[in-house]
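Every number in this text was worked out from the coordinates using simple rules, so none of it is lab data. These numbers come from a predicted model, not from an experiment. Note that each Cβ is placed from the backbone with ideal geometry, even for glycine, and that neighbours are counted across all protein chains shown.
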Amino acid sequence: MKNNLFFIGILVTALALSSAIAMGSSMDSGLLIEQFATDSKVYAVHDSASVFCNDVLISTELPVYILPDKDWASGDSITDFVVNTTVTTNSNGRLSTSLIWENPEVGSYDIIIDLNKNGKYDVSDECTDLLDDNTVAGFTVIQATTPEPEETANETVNESTEDVVQEPEPNATVPESNDTEAVTASSSTDYVPFFIIAAAIIVAALIIAVTLRRMH
C-alpha cells in the first residue's frame, strides 16, 4: 500500500511539474493557438506558473529559439533555428504574452526558451528548458489567402452595361452618314400622312361650306 502511495505521489509531482513548465504559441491576446497564417504574428506565453531553473527567474532576459519541428532529447544543441530573439520575465518570474516572430513563414516549428542560456535543450532536476511540445509540432504556419480585388465586380458590371448600350435595337434602320439620298427619301416618307390628312380636312371644309350656303 505504501509503495502504491509512493508511486502515486511521484506521478502527481511529475504532472504538476510538467504543467508548471508548460509554454506555447499564442495570439497577441494570450490565447494559445497552434496554427498561424503568414500575415499574422506569433507570440509566446507562459503565464500559468513561475519559470524555475534552480530559482525563480525574476525580470530576466531569456533567449528564445524557433526551430523546424523535431523530436528533442536532453543535451541536443540548439542550431539551425529560423528565429533567435529574447523575452523578459515579469516580477513574478512569469512570461507574459511576448512577440517572438513578426513575419512567419510556412512550415512546422518548435519553440525553445533556453533558461540556462547554454545553447542546448536541457532536461534535468536543476534546470529544464521550456519546450512548447515534444510530441507534435509546437505550431504551424500556413499561407495566407489573398482576397480578390473589390473593383473586379464593378468592372464586370460596367462591361455588361456597355455591351447593352452598344447593341442595336432589332429592326432598327441606321442610315450611313454619307448616304444623303437614303436620308432624304426617309424624310419625304415621314410627311406623306400629313399631306393626306390636310387634303381631307380641306375637302371636308368645302363640303360643309357648300351645304351651309344651299341651306340659306
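The slack between LEU31 and ILE142, meaning 0.36 nm per residue of separation minus the straight C-alpha distance, is 38.1 nm. The 3J(HN,Hα) values that the Karplus relation (6.51, -1.76, 1.60; θ = phi - 60°) gives for the range 125-130 are, in residue order, 5, 7, 7, 10, 5, 7 Hz. Gly and Pro appear as x. Sorted ascending by nearby beta carbons within 10 Å, beginning with the fewest, SER124, SER98 become SER124, SER98. The packing ranking of peptides 203-214, 76-87, highest mean first, is 76-87, 203-214, where packing means the average number of other beta carbon atoms within 10 angstrom of each residue. If you take every residue apart from ILE142 with its C-beta less than 15 Å away from the C-beta of ILE142, what net charge results, scoring Lys and Arg +1 and Asp and Glu -1? After counting each charged neighbour, the total is -3.
Across the range 79-87, computed HN-Hα scalar couplings (Karplus, 6.51 cos²θ - 1.76 cosθ + 1.60, θ = phi - 60°) run 10, 6, 7, 9, 9, 10, 9, 9, 10 Hz from first to last residue, x flagging Gly and Pro. Put simply, the amide H of ILE78, placed in the peptide plane, has neighbours under 5 Å in LYS120, TYR121, leaving out anything fewer than 5 places away on its chain. The residues TRP72, TRP101, when put in order of fewest to most other Cβ atoms within 10 Å, stand as TRP72, TRP101. Annotation: amide H-H contacts under 5 Å for VAL136 (H modelled 1.01 Å from N, sequence separation of 5 or more, or interchain): none.
Distant-in-sequence amide contacts of ILE100, defined by a placed amide H-H separation under 5 Å and a gap of 5 or more residues or a different chain, comprise VAL42, TYR43, ALA44. With a Förster radius of 25 Å, plug the Cβ-Cβ distance of VAL56 and VAL123 into 1/(1 + (r/R0)^6) and report the FRET value to the nearest 0.05. Calculated value: 0.85.
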